[in-house]
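Since the structure comes first, as structure tokens, the remarks are kept for the end.
The values are calculated or read from the model by the stated rules, or taken from the named source; none is laboratory data. Keep in mind that this is a model prediction, so the values were computed, not measured. When we count neighbours, we look across all protein chains shown, and the Cβ atoms used for this are built from the backbone with ideal geometry, even at glycine.
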Amino acid sequence: MNAKNHYDAIVIGAGPAGLSAGIYLSRARVKTLIVNEGTVGGQMILTHEIANYPGVENISGYQLSNIMKKQAKTFGCDIKSNIEIESLDLVGKTKSIVLSDGNTYTSETVVLSPGGRSRTLGVMGEDDFKGKGISYCATCDGDFFTDKEIIVVGGGNTAIEEAISLTRYASKVTIVHHSDYFKATDYAIKEARNHPKINFLMDSVITAFNGHENLESVEIKDLKTNETNLFKTDGAFVFIGYMSNTEFISNKVGLNKWGEIIVESDMSTNIEGVYAAGDSIAKRFRQVTTAVADGTIAALAVAEYLHEKNN
Amino acid sequence: MLYTNLKHIESADEHAKILSENENVMVICGRMGPMCIPVYGIAEEIEDEYKNVKFCDMEFDNPESRVIRNLPEVSGFMGIPFTIYYKNGKVVKATSSIQTKAQVTSILDKEFSATVKA
């Protein structure tokens, strides 16, 4: 075991849950490493304005992330971000993680806080036309589709509300949804149904995106008839919900059928010394504040576990 | 306003000055949204590693960013940020929308490899 690369706790994920765990652990003199595959802050950095974080009147998610990161570092927490996890071993007293920098890091405990991400369709052409007709953010890219005909994929609140907001730019919006009913709120559905620019293709799924330089058409399969037709479009906005980033631990820790980590009230998982926190755990509400609370509880439980183990 | 720790380019003149004074330049032209922020984050993170590259950002909605929005290389782009890589003032690569660290570093290593990485 390389002492330099051995930690009391390794936290996987640097959203509000992971950063809170890092702050509490490091402040308690628990040698902690936070490992993060993306940019520090997780989904919090994507929030333009946070107005309901107690004690802070108004702040962008990006700024709040940077403050939390600075706090964790001030207390001595090591952070490695934009780095990939090559392998992970959670079994046994010593946990180990191999990162894409080629180094192996070991620890007594692990806090899993990998968060979640927007779901993608995973169909042919989706990667090729990202930024060239396919978007996942109406606020970011809506104005590129002024006077153009677009589709919106999805049937939840975000999809319906963003479809309505995109009518400010697009000349025609067609909502493509795999079911025959929407999960959005009644008032949003009513507004969409009454909107002159919005059309609907129900019981339908996208099977491919086509084009040359930019997106030109999509292949849409009617689930009732099994027929696939080519549908000309200038753009496609995809809003099909979020998923937990737990694929890398699917056979290593107890997950529910939605891929969410099952935890006890102290955030412990079914593996000794392994805890979890944040949006990736099985729970109902997902907010920055709830992630911070989860991370705090996990950190305190880890500190207690280490104290009992070493005394 | 872009709340990043990158060098902010405020005007077309400043953009021209930075291109004239630096051999390798990466400019991320975007807003503070979910597709742009990860790219700023990557640039901030690798800034110390790639000392041969000047990393900058520019607000997409600043009229002065026409120097980027009017580039022929971005004519088909329909997703921000527009990220432009310049070598000796010439565009050598341009990308649209969110990018991963691997995608960014692969471009930096390929296009700016003539100069030694720190």
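Within region B:1-38, restricting attention to residues that are touching a Gly at 6+ places or on another chain (Cβ under 7 Å) and part of a helix (DSSP H, G or I), the residue that is farthest from the other protein chains (Cβ to nearest Cβ) is B:20.
Would you say residue A:62 is buried (at least 16 other Cβ atoms within 10 Å of the Cβ), aromatic (Phe, Trp, Tyr), within 14 Å of chain B (Cβ to nearest Cβ) and not in a strand (DSSP E or B)? Yes: the conditions hold for residue A:62.
Taking first residues from region A:17-46 that are of a type in the set (Ser, Thr, Tyr) and partners that are at pLDDT 95 or above and in a loop (DSSP other than H, G, I, E, B), the Cβ contacts under 8 Å between residues at least 6 apart in sequence or on separate chains come to A:20/A:277; A:26/A:75; A:26/A:76; A:26/A:77; A:32/A:76; A:32/A:77.
Whether any residue in region A:77-98 is small (Gly, Ala, Ser), surrounded by fewer than 17 Cβ atoms within 10 Å (Cβ to Cβ) and at pLDDT below 95 is what I want to check. Scanning region A:77-98 turns up at least one residue that is small (Gly, Ala, Ser), surrounded by fewer than 17 Cβ atoms within 10 Å (Cβ to Cβ) and at pLDDT below 95.
In the set B:113, B:96, which member is more than 15 Å from the chain's Cα centre (by Cα) and not aromatic (Phe, Trp, Tyr)? Within the list B:113, B:96, the selection yields B:113. Within the bounds of region B:51-63, is there any residue that is within 14 Å of chain A (Cβ to nearest Cβ), assigned to a helix (DSSP H, G or I) and either surrounded by fewer than 21 Cβ atoms within 10 Å (Cβ to Cβ) or in contact (Cβ under 8 Å) with a residue 60 or more places away in the chain (or both)? There is no residue in region B:51-63 that is within 14 Å of chain A (Cβ to nearest Cβ), assigned to a helix (DSSP H, G or I) and either surrounded by fewer than 21 Cβ atoms within 10 Å (Cβ to Cβ) or in contact (Cβ under 8 Å) with a residue 60 or more places away in the chain (or both).
Selection of strands (runs of 3 or more DSSP E) fully inside region A:106-177 by the criterion of at least 2 residues being buried (at least 24 other Cβ atoms within 10 Å of the Cβ) returns A:149-153, A:172-176. Among the residues of region A:127-137, how many are more than 7 Å from chain B (Cβ to nearest Cβ) and out of contact with any Phe, Trp or Tyr (no Cβ under 6 Å at 6 or more places or on another chain)? Number satisfying all stated conditions: 4. Taken residue by residue, region A:224-243 has at least one member that is closer than 30 Å to residue A:92 by Cα and within 29 Å of the chain's Cα centre (by Cα).
Of all residues in region A:202-221, none satisfies being small (Gly, Ala, Ser) and over 25 Å from residue A:128 (Cβ atoms).
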